[in-house]
Amino acid sequence: MMRLWLPGTILMLWALGALLGPSLVGDPNHIELQRILASPGPAGWLGFDDLGRPVWQRLVVGAQTSFMVSATVVAVTAVVGSLIGATSGFIGGWVDHVLVRIIDIFLAFPGILLAIALAGVLGPGISNVVIALSVVGWVGFARLARGQVLSLKHREHVQAALALGVRRSRIIIRHLLPLIVAPLIVEGTFAVAGAVIAEAGLSFLGLGVQPPAASWGSMIRDGTRYMLMAPHLVLAPGIALMVVVLGVNLLGDRLRDWLDVRSRP
Amino acid sequence: MPVFILSRLFSAALVLVGVSCLVFLLIHLVPGDPVEVMLGEAAQPADREALRHALGLDQGLLTQLLHYFNALLHLDLGTSLQSKRPITELLAERIPATAELAGAALVVAVLIAVPLGVIAAVRKDSPWDYGAMTVSMLGVSIPNFWLGPILILVFSVWLGWLPVSGREQGDSIILPAITLGTALAAVLSRMVRSSLLEVLHEDYIRTARAKGLAEGAVIWRHGLRNAMLPVVTVLGLQLGVLLGGAVVTEMVFSWPGLGELTIESIQRRDYPVVQACVLLISTSYVVVNTLTDVVYGWLDPRVRLGDRS
């Protein structure tokens, strides 16, 4: 189907925009009162928002917010979740029983609900969004890593390492994790898409970044109030969000076929 | 069979106890003094002590937990700090709206997903297949808090066909249901496609064709009916995504359900109500999934006898 260049280009632009963009474009909080709700035009190619701030600049800063949050969340949850899951699957016994119960409990919270509740209780702010999404996000990796390790731990090379007296932590890191990296990468890709949407969702609900900082989610929320006069306020961040999520999902699909990971649990 | 049901019920009960514990701990995650956060800094010390006592926060953690479970068993969820009404009453008012929305979204999802998945499977590797799967990929990637406003803009504001928000009119549910159902439709259509593709290779499909059945009857009666079994299991799991998404969708459309109550209560720092909402939504999810499992095990012996790891 779609080749790798399309998702690759989208993600590259997203990352570049997030890392370099804010220093290249002008001040996202610069107010021009005479341009309030101005449509896209020569002065600002994506127009201006309800406070007269340039939408393009805010979009670039929003890219940074979503990139930083999703990269941090996925990095933390992938490492912590995989280590917990792999260790639990390898050790087995009561440790594993307890972990399976804990995973079941976390999976009993529907979708984004636990993150909303956590972010709501911890208070608004970008670091609390990262905490809330990390608390929710590690479970997917743990479940996947545990399942994979269970199917691998009776392989000869693991048994040989055990017989040689290699430490268990070393077996997990050197002999098991490298074998399960492919499905974890695929899971991680979809996790990025999930984190991008979740961050924007929390910011849309007012639980994420606080004004005047910009997030695509908060831009959509602020824009809905002026949808009749200035639809570009909702369209621009929404399209950016959708294109990035689409790019990440396409990449995940592509990687899944390429790395031959049969199905996601 | 009874062993299977009992073991499912037992693990569901364990999960519910765990869920309740996590929900109980939520209020202890409030940074600083939860009572001060809830009442504001200007509150009288006497009021603070009264609330602290009412919430049981002046006792040890274990005592609090025991009181909490005791109250839960008596279906007592406490009182809302804002409206001073019993929380069970507040929830009871909101449940029908959320149930209605989730049900309607499910119908929308199935109505979109089944034709899309069938077309993609029957015409595998054709432009139809690519088209259907591209639509599905777009559906997964559109966040509902963006799709909702766009639908309002097009169908309510520009075309004037449907109400913008609320639940007063009969057709108010259409846009929220489409908003909430789209992502599920996207996931389901992929499931229908892959499941039907597998079934279409079976011998009984060849037999059905060999005895001269029309292709439509082969696909719909013989193929789809069997292909739907795994899809229905996934549907149970996807209910969680639906309920989570309902929270956001309800906010977009001011739909007076549990999700809107959750967010409003977060904004008003009415944490006991937040806890109750999260607990209720999660519990209903666990209950539905357990029921699906049990019914499924009853219908299909492979499920209850198979390896459940």
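The values are calculated or read from the model by the stated rules, or taken from the named source; none is laboratory data. What you are looking at is a predicted structure, and each value in this text was computed from that prediction instead of being measured. When we count neighbours, we look across all protein chains shown, and the Cβ atoms used for this are built from the backbone with ideal geometry, even at glycine.
What about B:Leu261, is it within 21 Å of B:Glu100 (Cβ to Cβ), modelled with pLDDT of 90 or more and either more than 11 Å from chain A (Cβ to nearest Cβ) or more than 17 Å from the chain's Cα centre (by Cα) (or both)? Yes; evaluated as a whole, the condition is true for this residue. If the condition is being surrounded by fewer than 15 Cβ atoms within 10 Å (Cβ to Cβ) and among the charged types (D, E, K, R), then the range A:7-59 contributes A:Asp27, A:Glu32, A:Asp50.
A:Gly165 meets the conditions (1) part of a helix (DSSP H, G or I); (2) away from chain B (no Cβ under 12 Å); (3) not acidic (Asp, Glu) in every case but one. The failed one is (1). Apart from one condition, B:Trp255 fits all of (1) more than 9 Å from every other protein chain (Cβ to nearest Cβ); (2) surrounded by fewer than 20 Cβ atoms within 10 Å (Cβ to Cβ); the exception is (2).
Pairing each residue of the range B:216-234 that is in contact (Cβ under 8 Å) with a residue 12 or more places away in the chain with any residue that is outside any helix (DSSP H, G or I), provided the two are 6+ apart or on different chains, yields C-beta distances under 7 Å for B:Gly223/B:Leu200.
Residue count for the range A:10-53 satisfying the condition of being touching a residue at least 60 places away in the same chain (Cβ under 8 Å) and outside any loop (DSSP other than H, G, I, E, B): 3. Looking for something free of Cβ contacts under 8 Å to residues at least 40 places away in the same chain and not hydrophobic (A, V, I, L, M, F, W, C) - is there at least one such residue anywhere in the range B:173-186? Within the range B:173-186, none of the residues are free of Cβ contacts under 8 Å to residues at least 40 places away in the same chain and not hydrophobic (A, V, I, L, M, F, W, C). Number of residues in the range B:220-232 that are surrounded by fewer than 21 Cβ atoms within 10 Å (Cβ to Cβ) and either basic (Lys, Arg) or out of contact with any Ser or Thr (no Cβ under 7 Å at 6 or more places or on another chain) (or both): the value is 9. Surrounded by fewer than 19 Cβ atoms within 10 Å (Cβ to Cβ), facing another protein chain (nearest Cβ under 10 Å) and in contact (Cβ under 8 Å) with a residue 60 or more places away in the chain, is that true of A:Gly120? Answer is no for this residue.
For the range A:123-162, the tally of residues that are buried (at least 19 other Cβ atoms within 10 Å of the Cβ) and part of a loop (DSSP other than H, G, I, E, B) stands at 1. A:Ala230 meets each of the listed conditions (1) under 16 Å from the mean Cα position of the chain (by Cα); (2) of a type in the set (A, V, I, L, M); (3) within 12 Å of another protein chain (Cβ to nearest Cβ) apart from (1). Of all residues assigned to the range B:9-16, none qualifies as being more than 14 Å from every other protein chain (Cβ to nearest Cβ), surrounded by fewer than 18 Cβ atoms within 10 Å (Cβ to Cβ), farther than 27 Å from A:Ser127 by Cβ and without any contact (Cβ under 8 Å) to a residue 24 or more places away in the chain.
May I ask you to verify whether B:Val278 is part of a helix (DSSP H, G or I), free of Cβ contacts under 8 Å to residues at least 40 places away in the same chain, out of contact with any His (no Cβ under 6 Å at 6 or more places or on another chain) and at the interface with chain A (Cβ under 9 Å from one of its Cβ atoms)? No, not satisfied. As for the range A:86-95, it holds no residue that is touching a Leu at 6+ places or on another chain (Cβ under 8 Å), assigned to a helix (DSSP H, G or I), among the aromatic types (Phe, Trp, Tyr) and at the interface with chain B (Cβ under 9 Å from one of its Cβ atoms).
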